[in-house]
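Reading through the structure tokens given below for one structure.
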Amino acid sequence: MMSLSLMATLGGWAQTVDTMQREVLEEVSVSAGREGVTRMSGAVNGTEIGQDELFRAACCNLGESFVTNPSVDVNYNDAAVGAKQIRLLGLDGRYVQMLCEGLPMPVAAAQPYLLGRVPGTWMRSISVSKGASSVKNGPQGITGQIDVEYLKPDEEQGVLLNLFTNSELKTEGNLEANYHITPHLSTEVLAHIEKDWMHHDENGDGWIDIPTVEQYNLSNRWKYRRGKYIGHYGYTLFDEVRHGGTMAAHEAHNPDINLHARGVEAYMKHALLLDAEHNTNLAFMGNTSIQRLGGRIGPTAYVANQNNIYAQMMLEHEFTSAHQLSTGISLRSERVEEPLSGQFYSGMSATATALAEDINPGIYAQYTFKPDYRFTAMAGLRGDYSTLHDRFYATPRLHLKWVATDWVSLRGSVGKAFRTTHPLAEHHYLAASGRTIVIDSDLPMEEAWNSGISAVFYIPAGGRTVNVSAEYFYTDFQQQVVLDYDSDPTLLHFTALDGRSYSHTFQIDASYEPSDEWQLMAAFRLNDVRCTYGGVLMEKPLQSKYKALLTVGWEPMMALWHVDLTVQLNGPGRMPTPRVDASGNPAWDERFPAYPQINLQVTRDFRHCSVYIGGENLTGYHQPVTVIDAANPWTSTFDPTMLWGPVHGVMVYAGVRLNFWRL
């Protein structure tokens, strides 16, 4: 109520100021659309999510940036450590290549928490490409790429402050400040603080619904440009503590789950423009990170030390407007060290240490043929060598785009992708389960083909245009590391694929702006994801069969107000084969139901600030049982990893974004 009163008061004051300005400048008319979602213009099938689209929701971090996106889902993996993951084309986020401005983000032990470590207000845009992507960034990306662009040091200098709180007493503060030291050199400081002040047990099972997080994140970025040289440099420091478990343990100040992550990352980019007439440039870029994750998940101690190094040199040249070539070499090094107990790897002693070190040198070439604006063909081939698997592997990819008429364009793609797995590091949250974790030795490098077709139609309606997109993607695994929930309900078994594993994804969406004030988007996606477990081809568990999405945006009063509504319907899905208790009853149902979600946000823009208030999951629907046998933590029948829906009910929030553009 206080937030609404403040918005109404400020709104009345601002309207008076705006009215005065319109009276003085009545001969000037300025209009601008919101920087929302745009389709990539090249041959790759993808979209770019702009900052204005991100601001249509709370968007506290990267994991909350896809609320209005029909292609990407974000879900909790478990109710113990609060790990989140995205899904693209029906498959888990580990099959998506995560990039930050063209450089790979650290994964492995960082994978379950990666989405929460990129603050929303730091991001300028997010590029989401589906299917086989460019070979420039490596052989990964079985289902696509997500590339995050941060705010730039050389943008208009000033200071931005974002403050946020919600009904669960989570608070955040974000600071973005940049300064132009000289006409050629600029710097930027990005800071993020977040803290959960309360523990919540909405379903009354004695278990904390969402673990509390205390995070500190600091980044300093630089840009230098003079003549034909451009340089980017920067580093990031982060520190994060997570507490979860039973309410009783928290009240005794000895939480069952206590994980502490900290690390440092650094990057650099150098570009030399050799020939402006032919767009010839030489670039060298790279990044490195050192991270440590340690603590306790119930009775299990877990520690992971991870080092990543990546370097790439590329040369791009445009022979003519129709013929372009990009070629380069790269080197990627990933080292993950995990002191383990014998419960994870069968046959290991209690003091064993798992050390996985993979060095991957690679080389690539990518040719683009574009005789005119109607046709584009992009063919790429790269070769890489893995020291961990002692294997050379080739990655071919092809993209085609044809603008058949002014009202329809077609795209097609096919390509291969590979990835090295770190099963326990990527899934260490499974240590909270009472099941025994078994990881086979000599697991293969994952390998899959992905192919897709899409069509975009531009249909005139009411003097404006309806954009309709239809697409289909098929992912087929040749080698895969499978997490088997089904063969034995007492085990979580990581094993090599023995049989088929594939994903069919069909999606159709339409967007329309009936006037300058209204934006509408509707989408429907159907997934058919299957894998072989214990010799039986089965539907993948814990995943919705379909998703329907509707977003409505209303911007009245010269776009000073923004009202954004998002409605989702998430379809039903299969649960893992249930365990049977002593009385012969299954511990959970064989399938979970469809469920709706509604989010609403109202924003008021002023000259130097924006005030917003909103609500998430306004239907109040949440998964009734998030922890199996919560009364007996850490026993063989206990399991907090059976999550398929929201873990909390209605949540309301409010925040303010302040812009101080003149230092």
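Values in this text are rule-based calculations from the coordinates and carry no lab data. Everything numeric here is computed off the predicted structure, so don't read it as measured data. Positions of Cβ are generated from backbone atoms using ideal geometry, with glycine treated the same way; all protein chains shown enter the neighbour counts.
Checking every one of the trypsin sites (Lys or Arg not before Pro) in the range 49-147 against DSSP loop status and a limit of 16 other Cβ atoms within 10 Å picks out no site at all. Loop-located GluC sites (Glu not before Pro) in the range 116-192 (DSSP state not H, G, I, E or B) with no more than 12 neighbouring Cβ atoms inside 10 Å: E156. Residue by residue, the range 575-583 carries 3J(HN,Hα) couplings of 8, x, 3, x, 7, 9, 7, 5, 8 Hz when phi is fed to the Karplus relation 6.51 cos²θ - 1.76 cosθ + 1.60 (θ = phi - 60°); x denotes Gly or Pro. With Cα atoms as the point set, the radius of gyration and Dmax of the range 44-133 evaluate to 12.5, 38 Å. Magnitude of the charge dipole for the chain, about its Cα centre and with charges confined to Cβ atoms of Lys, Arg (+1) and Asp, Glu (-1), is about 1240 debye.
In the chain, Cα pairs under 8 Å separated by at least six residues give a relative contact order of 12 percent.
Can you give the helix-only mean residue ellipticity at 222 nm for the chain, where every DSSP H stretch with n ≥ 4 adds -39500 (n - 2.57) and the sum goes over all residues, rounded to the nearest 500 deg cm²/dmol?
On the way: 5 runs with 40 residues, N = 663.
Using -39500 (n - 2.57) per qualifying helix, the result is -1500 deg cm²/dmol.
First check a/c for the range 390-435, with a ≥ b ≥ c the square roots of the eigenvalues of its C-alpha gyration tensor; if it is under 1.5, answer rounded, and if not, answer prolate when a/b is larger than b/c or oblate otherwise.
Working: a/c = 7.83, a/b = 2.11, b/c = 3.72.
Judged from the Cα gyration tensor, the range 390-435 comes out oblate (a/c at least 1.5, b/c at or above a/b).
Placing +1 on the Cβ of every Lys and Arg and -1 on the Cβ of every Asp and Glu, with no other charges, gives the range 163-279 a dipole of roughly 1100 debye about its Cα centre.
Against the set (i) 44.8, 163; (ii) 25.1, 81; (iii) 28.7, 90, the structure's computed Rg and Dmax of the Cα atoms in Å falls on (ii).
Listed by chain and number, the aspartates and glutamates placed with their C-alpha closer than 15 angstrom to that of K370 are E318; residues fewer than eight positions away on the same chain are left out.
Here the peptides 41-50, 404-413, 391-400 are ranked by packing, the mean other Cβ count within 10 Å, and the order with the highest first is 41-50, 391-400, 404-413.
For the range 172-271, the fraction of C-alpha pairs farther apart than 24 angstrom is 46 percent.
Anything over 19 Å Cα to Cα? Flag those among K152/K223; K130/K416; K136/K269; K416/K540, in the order listed. Intermediate values should be presented prior to the final figure.
Numbers: K152/K223 8 Å; K130/K416 13 Å; K136/K269 15 Å; K416/K540 22 Å.
Pairs exceeding 19 Å: K416/K540.
Loop-only check: which trypsin sites (Lys or Arg not before Pro) in the range 568-623 are DSSP coil with at most 11 other Cβ within 10 angstrom? Passing sites in the range 568-623 are R607. Shown here is the pair-distance distribution of the range 469-575: with all Cα-Cα distances grouped in 5 Å bins from zero up to the longest one, the shares run 2, 11, 15, 15, 13, 10, 9, 8, 6, 5, 4, 2, 0 percent. Which shape class applies to the range 368-483: rounded if a/c is under 1.5, otherwise prolate when a/b exceeds b/c and oblate if not, where a ≥ b ≥ c are the square roots of the Cα gyration tensor eigenvalues? Oblate is the answer for the range 368-483, as a/c is 1.5 or above yet b/c matches or exceeds a/b.
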